[in-house]
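What follows is calculated from the coordinates using simple rules that are stated; it is not laboratory data. No experiment lies behind these values; they were computed from the predicted model shown. A quick note on method: Cβ atoms are made from the backbone with ideal geometry, for glycine too, and the neighbour counts reach across all protein chains shown.
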Amino acid sequence: MLIFDMDGTLIDSNGLWRDVDIAFLARRGMPYTKEYYEGVAHTIFPKAAEFTRAYCGIEDTEEQIMAEWMDLAGDLYSTAVDVKPGVRAFLEQCRSRGDRMVLLTSSVPAHCHTAMEHLQLTQYFEKIYLAAELRMEKKDPQIYRLVAEELGVQPEDCTFYDDSVAACRAAREAGMEVIGVYDDFFRETEEEMRQICHRYIMSFEELLS
């Protein structure tokens, strides 16, 4: 069973959220910091909004914060993101081998479905698991055990692909084989990723046979 993250793994979208975060903070006269990035990166929307409200010390409700993020992101998932190098060819290769594939993402559900349909990636996956709908974060090993159980497999029979240190660490703790995927947004974590993951790739092109 192959389990893929979306943002920063299959599609080149992490920079989009960095720009949204920078714009959101700038409206409040605040800089974009590593502390803020670590608080919101690869976190489901409600948790990220909760963190942002406390971090910024603002009166905006979490719903207002999320609405502003959605407004800032606009329609970029249908216009400005693309698949990362080698992704489509690797998915085709896996499908031709008969591999089962699912998606597990912290992305906003609407953005996930928009991007997957726009980039014609939905066809490769038997199911899309949304962390927001599971009400769990990908930093929690239990989410991987839950997905494996729902798929009728053991975590040890799954290979997980992600660009985030926290997600890779949690998936490995759950018992999965973990393939770390380089993303420029997380370039500072490359050394840590190489230590955590069973394998670390710069591009899916490395996995093509």
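I'm a student and want to see the number: the projected area of the Cα convex hull of the stretch 92-209, averaged over all directions, in nm².
If I average the Cα hull's projected area over directions, I get 7.4 nm².
Roughly how many debye, to the nearest 20, is the charge dipole of the chain about its Cα centre, given +1 on each Lys and Arg Cβ, -1 on each Asp and Glu Cβ, and no other charges? Working shown, then result.
Values: 21 positive and 39 negative charges, 56 e Å.
Using only the charged Cβ atoms, the result is roughly 260 debye.
In whole Å and largest first, what semi-axes does the C-alpha gyration tensor of the stretch 1-55 yield when each eigenvalue is scaled by 5 and square-rooted?
24, 13, 8
Compute the Rg to Rh ratio over the chain from the alpha carbon atoms, using the Kirkwood formula for Rh, and round to two decimal places.
Details: Rg = 16.7 Å, Rh = 17.5 Å.
Rg/Rh: 0.96.
Count the lysine pairs in the chain that are 8 or more places apart or on different chains: how many have C-alpha atoms under 23 angstrom apart?
Taking the Cα cut-off of 23 Å, the pair count is 9.
How much of the DSSP beta bridge set in the chain is antiparallel, as a percent to the nearest 5?
Working: 1 of 19 bridges.
Counting only bridges with both partners in the chain, antiparallel ones make up about 5 percent.
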